[in-house]
Amino acid sequence: MARILDQPRYKCALAAMQTVQAIPRAIPILHSGPGCGAKLNDNSGTSGLFSPNIFPCTSVSEKEVIFGGTDKLKETIENALKIIDADMFVVLTGCTSEIIGDDVGEVVQQFKNASKPVLYANTPGFRGNNYEGHDWILKALFEQYLPLSPPKKRKGLVNLFAGPPMQDPFWLGNLRELESLVAALGLTPNTIFGHGRGILNIDRIPEAEFNVLVSPWVGIESARFTAERYGAPLLHYPVLPIGAFETSKFLRAVGEFADVDTVTVERAVNEREAEYYYYIERYADIFLEQRIMSKRFVTVSDSQYTLAYTKFLVNDLGMYPTTQYLTDSPPEQYRDAITAEFRRLNYGIEAEAVFETECRQIHERMKATDFGGYPLILGSSWERTVAQEIPGHFVNISYPMVDRLVINGHVAGYSGGLKLLEDIYTVARGKLVL
């Protein structure tokens, strides 16, 4: 039975327009109602070359509901090609255009010989959320734009995919750090989002020897599609690596998968671990000072971050997890594998993972939890108030993030783990009574 959500942590599938927006010089064309683009943008602070406030939109009205909106869609595409300086156009459907049954594919097919590629993806809000929409858009893009026959493989080229752009405040910094880690093994990472990437990198996808997806579940459908179509094996690594333990594990997994010699892999791991633990040793007294915070923590975020932070705080810092909350509503077929990862922690520790999208339910459970002291609370801006009530140390680590600006920051990798420690202990030390 459907229910009203209090402060959901995701949006409808059409909000995955941000996936198109994150590809340089690509722009979405919205076949939806007139307010969808502005509402889904929700002042998240991301604009770039094409602001969501000026995305081409058919602004479906009562007329289109009665007589169909395909003529208006065709006109909108024609005008976008004339006046917008972009290199790729992707039509995305909203609820209204899907309900009235507009054949968007047939309209887009009329532009197969246009000066710039015109593609489409079905993204109605009633079908799923923007985490799923991200995957649908990528699969549609790869299926419609890339050639059918696999070209010659480029040795060492790795298609690298991670979490959804912009929904994740650290998306770009994390992606660049993952690129750096893969490159440290002598491989060539190929990503499609952000500055210096884009359509040329999409063109290289069929040339890759391997595919690597770093995500518990988001993006798995499109990653599998490219792997199967072009015969490039897929490594699905379900944990965003943060800190030394998980990052070293990630490097070894990628190295083994890509058949990189052990000497190269261990050199990359040892060099980075040495620097990481140098900084840990310098501030060990602060990390061990018990009066700063208790050993218990709780995370309220999507599957990617709740899992990644739990692994880091247990495996690297020796903290103890209470119930961890996953707010992205992953499809049922992925949930068992996700919860199994919460039982694969060091020291025989297991964490209870709860899939919950209702903010009030999460907060009530948190307030009823016996943390045994002053806990660490990781979450969105909506957890700030409940952290004050419990009380606990609060660090804003996920969407919605209204009181913090992240430009190119990251939490992935060895350096990301150190940056996360800075954030955590800056908050904790700020509570000390001197």
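The values are calculated or read from the model by the stated rules, or taken from the named source; none is laboratory data. In this text, all values refer to a predicted model and were calculated from it rather than measured experimentally. Neighbour counts run over all protein chains shown; Cβ positions are idealised from the backbone, glycine included.
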What number goes with the only condition from (1) in a helix (DSSP H, G or I); (2) in contact with a helix residue (DSSP H, G or I) (Cβ under 8 Å, 6 or more places away or on another chain); (3) buried (at least 24 other Cβ atoms within 10 Å of the Cβ) that Asn159 does not pass? (1)
Can you name the helices (runs of 4 or more DSSP H) wholly within region 315-434 that have at least 2 residues being in contact with a His (Cβ under 7 Å, 6 or more places away or on another chain)? 413-430
With criteria (1) among the small types (Gly, Ala, Ser); (2) in the same structural domain as Ile205 (by TED's automatic domain parsing); (3) surrounded by fewer than 16 Cβ atoms within 10 Å (Cβ to Cβ), Gly105 comes up short on (2)
Would you call Tyr325 out of contact with any Ser or Thr (no Cβ under 6 Å at 6 or more places or on another chain) and either under 19 Å from Ile242 (Cβ atoms) or surrounded by 20 or more Cβ atoms within 10 Å (Cβ to Cβ) (or both)? yes
Of all the residues that make up region 267-279, how many are among the hydrophobic types (A, V, I, L, M, F, W, C) and either under 28 Å from the mean Cα position of the chain (by Cα) or assigned to a loop (DSSP other than H, G, I, E, B) (or both)? 2
Within region 353-369, considering residues that are charged (D, E, K, R) and under 16 Å from Tyr10 (Cβ atoms), the one surrounded by the fewest Cβ atoms within 10 Å (Cβ to Cβ): Glu358
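To keep it simple, each residue is scored yes or no on (1) of a type in the set (A, V, I, L, M); (2) in contact with a helix residue (DSSP H, G or I) (Cβ under 6 Å, 6 or more places away or on another chain); (3) within 26 Å of Ser248 (Cβ to Cβ).
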{"site": "Glu289", "(1), (2), (3)": "no, no, no"}
{"site": "Ser303", "(1), (2), (3)": "no, yes, yes"}
{"site": "Gln333", "(1), (2), (3)": "no, no, no"}
{"site": "Ala337", "(1), (2), (3)": "yes, no, yes"}
Considering region 212-259 alone, what residues qualify as being without any contact (Cβ under 8 Å) to a residue 12 or more places away in the chain and either farther than 19 Å from Gly416 by Cα or among the acidic types (Asp, Glu) (or both)? Arg224, Glu228, Glu256, Asp259
Wholly inside region 163-258, helices (runs of 4 or more DSSP H) that include 2 or more residues that are touching a strand residue (DSSP E or B) at 6+ places or on another chain (Cβ under 7 Å) and closer than 28 Å to Leu14 by Cα are 171-183, 199-204, 220-230
Only one of these conditions is not met by Val90: (1) surrounded by fewer than 13 Cβ atoms within 10 Å (Cβ to Cβ); (2) in contact with a helix residue (DSSP H, G or I) (Cβ under 7 Å, 6 or more places away or on another chain); (3) not in a loop (DSSP other than H, G, I, E, B). Which number is it? (1)
Six or more apart or on different chains, Cβ under 7 Å: which pairs go from a residue in region 192-211 that's in the same structural domain as Glu256 (by TED's automatic domain parsing) to one that's surrounded by 20 or more Cβ atoms within 10 Å (Cβ to Cβ) and hydroxyl-bearing (Ser, Thr, Tyr)? Could you list them? Arg197/Thr191; Asn201/Thr191; Ile205/Thr226; Pro206/Tyr230; Asn211/Thr226
Is one or more of the residues making up region 387-402 surrounded by fewer than 18 Cβ atoms within 10 Å (Cβ to Cβ), without any contact (Cβ under 8 Å) to a residue 12 or more places away in the chain and either charged (D, E, K, R) or in contact with a helix residue (DSSP H, G or I) (Cβ under 9 Å, 6 or more places away or on another chain) (or both)? no
